[in-house]
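Take a look at the structure set out below.
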Amino acid sequence: MARANAQYYAAHDPFQDFTTAPEVSQAFGEVLGAWAAVTWQAMGCPNPVILVELGPGRGTLIRDALRAIGRVAPAFRAALAVHLVETSTRLRAAQRQAAPDATWHDRLGDVPDGPLIVLANEFLDALPIRQFVRRGTGWAERWVVAGTFEERPAEGFSDARAPEAAEGNVLEVGDAAAGLCAELARRVRNSGGAALLIDYGPLRSAPGDSLQALRAARAADPLKDPGSADLTAHVDFQAVAHTATEAGAACYGPVPQGVFLVRLGLVQRAFTLARQLPPAKGAAVIEAARRLVEPTAMGSLFKVLAVCHPALPCPPGFEDP
Ligand code: SAH
């Protein structure tokens, strides 16, 4: 999965195959920029401060966030240095148009030390997973051999998430996502700051096969032509939050994206934008905001998790109702 996605992102324009929240509405990046500004104030306004985005795609989110930050928090804009974590040279070129002053890295570990705020939308879902299948009283691991799944006994594998798994149940283990979140947790604990992770996945860990491939916005066979389609899996937010908490951070959420964005004022922002436009264009802006927050669209499948330094107050959008 890691190799297939590296090849896919290096050679394709992923936005031919799927669309993402920042591409749906500029209000998405703007409210995340405002979130970062409030978080920076809660951190005590460190100067300098590092603003990181993981997997920025076309750079739309960071461009919209920086524009909003410049407007609502010019002191934060002046204090921040943008660091983008991106492996695809093709996408880096697009990101350079959006954030010319950024510094690029292949991995989070290469971002310099210091107080930081991290944003990541649809990044964790692209990281590789392993799948285990319940067979008899034990588990087999799925390997991919010559284009098909092959099961091999996974001796010693057990999982507290599935004590009563039925024959044939699939369990996914996202070591890469958990490892990244542990690294984020250590960084915010040691240097101060917070990370905001937005992705799709269930609120609670559950067995199930969520590996999927998207080609031209349609589900495709994940094993066909590896590297030609985007491979994703649901993010196990409970597992990720557990890892981050163990590593010394305070976690908030996951909350559904719709709830989070409404609390952050995305709907009001969309109405403000719409009022400045001719009616048909204004209606499209409102419709885009609806798509991001409505439970039947992206509002409920997508979740938001914050990984924070333990001394920070509850970040905006995560307050108990
Ligand atoms: N956040 C963007 C793009 C999501 S697509 C948006 O919301 O529109 C996933 C992004 O993560 C792409 O930019 C891809 O090139 C990048 N990516 C995927 N795997 C990566 C990895 N292992 N390391 C760094 N970047 C990666």
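The values are calculated or read from the model by the stated rules, or taken from the named source; none is laboratory data. Predicted model only: the values in this text are computed from it and were never measured. Backbone-built Cβ (ideal geometry, glycine too); neighbour counts: all protein chains shown. The area values use the complete protein model at the heavy-atom level, side chains included, leaving out ligands, DNA and RNA. Shrake-Rupley method; radii C 1.70, N 1.55, O 1.52, S 1.80 Å.
A few comments on the model shown:
- Number of the exception - Phe76 against (1) in contact with a helix residue (DSSP H, G or I) (Cβ under 6 Å, 6 or more places away or on another chain); (2) open to solvent by 20 Å² or more (accessible area, probe 1.4 Å): (2)
- Qualifying residue in segment 111-123 (condition: part of a helix (DSSP H, G or I) and either surrounded by 18 or more Cβ atoms within 10 Å (Cβ to Cβ) or within 12 Å of the ligand (Cβ to nearest atom) (or both)): no
- Residues located in segment 168-181, provided they are in a loop (DSSP other than H, G, I, E, B) and within 13 Å of the ligand (Cβ to nearest atom): Gly174
- Residue match in segment 172-193 (condition: closer than 21 Å to Thr87 by Cβ, surrounded by 22 or more Cβ atoms within 10 Å (Cβ to Cβ) and among the charged types (D, E, K, R)): yes
- Qualifying residues in segment 194-206 (those that are closer than 25 Å to Gly33 by Cβ and of a type outside the set (D, E, K, R)) - the one surrounded by the fewest Cβ atoms within 10 Å (Cβ to Cβ): Tyr200
- Qualifying strands (runs of 3 or more DSSP E) (wholly inside segment 182-271; at least 3 residues being not hydrophobic (A, V, I, L, M, F, W, C)): 193-200, 250-256
- Some residue of segment 8-27 being farther than 30 Å from Ala216 by Cα and either open to solvent by 50 Å² or more (accessible area, probe 1.4 Å) or within 12 Å of the ligand (Cβ to nearest atom) (or both): no
- Just one of (1) farther than 17 Å from Tyr9 by Cβ; (2) open to solvent by less than 40 Å² (accessible area, probe 1.4 Å); (3) in contact with a strand residue (DSSP E or B) (Cβ under 6 Å, 6 or more places away or on another chain) fails for Arg130. It is (2).
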